Amino acid sequence: MNRPVPITDAQARAALDKAVEQVRLNLPKYTKKCQHHSSVNGIYPACKNEEWTCGFWPGEIWLAYERTHDDAFRQAGLTLVDSFDRRIRRKVKVAHHDMGFLYTPSCVAAYKLTGDEKARQAAILAADQLISRFQPKGEFIQAWGRMGSPLNYRFIIDCLLNLPLLYWASRETGEEKYADIAKRHTATCMENSFRPDGSTFHTFYMHKDGTPSHGRTCQGYRDDSFWARGQAWGVYGSILSYRYTGDPKALDTFQRGLEFYLTRLPEDLVPCWDMLFQPDSGEPRDSSSAAIVACGLLEAARILPQGETARYQRLAREMMGSLAEGYAVPVPAEGAGLILHGTYSKKSPYNTCFPEGVDECTSWGDFYYMEALTRLCGDWDPYW
């Protein structure tokens, strides 16, 4: 197998338009309800607005609206804003850190694109919920579980993508408390979640006195392996942190995390679900990881000095060329996703995962695939 051919502008436009039509086909199924985190036999079940992943589908709707300016997408997106507003006001399954995944692509995006005040207020309430989980001893946002519980005194690498909600809330309200907590959490994460070689732990535990305890790769194959989606969160999250703070350590973290990621990729640039494995192992891929990293590369190319960005652009185009050519869902169908061969939760002898969404479409994989195509098709103002 040869290295993927970089996706051209024309191919990116065609792939984005194909994605938009799949989103349009799915509107009747997921406007009054939400989309499950992963497909089942290629089709997403509809679900209540209760999962941590429910924000990604509205994000696809807003990306489709930006591409087409079709009022059908606008109305569907605002209908879902109503649902997200009710969820945060009623505190429906929000006792965790994933407020950014929920409210940035659904409500921050809606406010940026339409000026909808309900979306703005819901996103600010979500930011309030997120900072309520900040632990001053250790300076981190506790991922989930009863606050202060020794078994749950931990954070995970995913949270880096929740933090843009806090920077946005600081800009909107003029209150520095949101950004301050984001900066403190990021510093703790960079210090502990990234190993010396640039690889990442999924989970990091802290002692109750605020000192570091130990890292684990709970979502990956085992504690000393390299969970592909977690590595992707680390790559994209660190360059976003650099954009907001200008901290050279965030840029260094991005570069180290990216270089490790690249050393573990197969020829088609789409990793197995844990980067301990190569495709000949028979282990499933995680296409969502490649889509997330492509977004991080394109963000780096957007904000770094021009002389440093050509490599990032080419890598992103190669990854997106591989996804569009080899992983895109070939035939549109109501309830289908955008890219195949994602992995939500893969059981191993060493982790505690419940097996689901293995070799399926994933809601975040679809969203980041569509985001990367949107970035390639024009000067996009990020939701993050």
Computed over the chain, protein heavy atoms only, probe 1.4 angstrom, the accessible area per residue in square angstrom equals 37 Å²
Everything considered on the Cα gyration tensor (a ≥ b ≥ c; rounded for a/c under 1.5, else prolate if a/b is larger than b/c, else oblate), region 149-240 must be described as oblate
Probe 1.4 Å, all chains present, heavy atoms only: L161 accessible area in Å², nearest 10, is 0 Å²
So for region 53-101, using the alpha carbon gyration tensor with a ≥ b ≥ c as root eigenvalues (a/c under 1.5 gives rounded; past that, a/b versus b/c decides prolate or oblate), I'd call it oblate
Helix-only [θ] at 222 nm, the chain, -39500 (n - 2.57) per DSSP H run of 4+, per residue, nearest 500, equals -15500 deg cm²/dmol
Heads up, region 245-296 by the C-alpha gyration tensor (a ≥ b ≥ c square roots of eigenvalues; a/c under 1.5 rounded, else a/b over b/c prolate, else oblate) looks prolate
Given all pairs of distinct Cα atoms, the chain yields a Kirkwood Rh in Å of 20.5 Å
With a 1.4 angstrom probe the carbon and sulfur portion of accessible area for the chain, in percent, totals 50 percent
Here P(r) for region 272-321, Cα-Cα distances in 5 Å bins, as whole percents, is 5, 21, 23, 17, 15, 10, 6, 2, 0
Counting only DSSP loop positions in region 46-88, the trypsin sites (Lys or Arg not before Pro) whose Cβ has at most 14 other Cβ atoms within 10 Å are K48
Isolated cysteines for the chain, Cβ-Cβ cutoff 4.7 Å, are C47, C107, C159, C189, C218, C272, C295, C353, C361, C377
For 326-332, 342-348, 307-313, 24-30, ranked highest to lowest by mean beta-carbon neighbours within 10 Å, the order is 342-348, 24-30, 326-332, 307-313
Treating only Lys and Arg (+1) and Asp and Glu (-1) as charged, each at its beta carbon, one finds that the chain has a dipole about its Cα centre, in Debye to the nearest 20, of 940 debye
Kirkwood-based Rg/Rh on the Cα set of region 95-170 evaluates to 1.02
Cα extents of region 22-136 per principal axis, largest first, Å, are 45, 35, 20
For the pair D252 and C377, the simple spin-label estimate (label points 7 Å beyond Cα toward Cβ) gives in nm 3.9 nm
The distance between the Cα centres of region 332-370 and region 126-162, in whole Å, is 25 Å
For F254, the accessible surface traced by a 1.4 Å probe with all protein chains present amounts, in square angstrom to the nearest 10, to 0 Å²
For region 270-384, whose charge dipole is built from +1 on Lys and Arg Cβ atoms and -1 on Asp and Glu Cβ atoms, the candidate among T343, Q306, V293 with its Cα farthest towards the positive end is Q306
When all Cα-Cα pair distances of region 262-348 are considered, the percent exceeding 15 Å is 61 percent
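The values are calculated or read from the model by the stated rules, or taken from the named source; none is laboratory data. What you see is a predicted model; the values in this text were computed from it and never measured. Using ideal geometry, Cβ is built from the backbone for each residue, glycine included, and neighbour counts are taken over all protein chains shown. Surface areas here come from the heavy atoms of the whole protein model, side chains and all, with no ligands, DNA or RNA. Shrake-Rupley method; radii C 1.70, N 1.55, O 1.52, S 1.80 Å.
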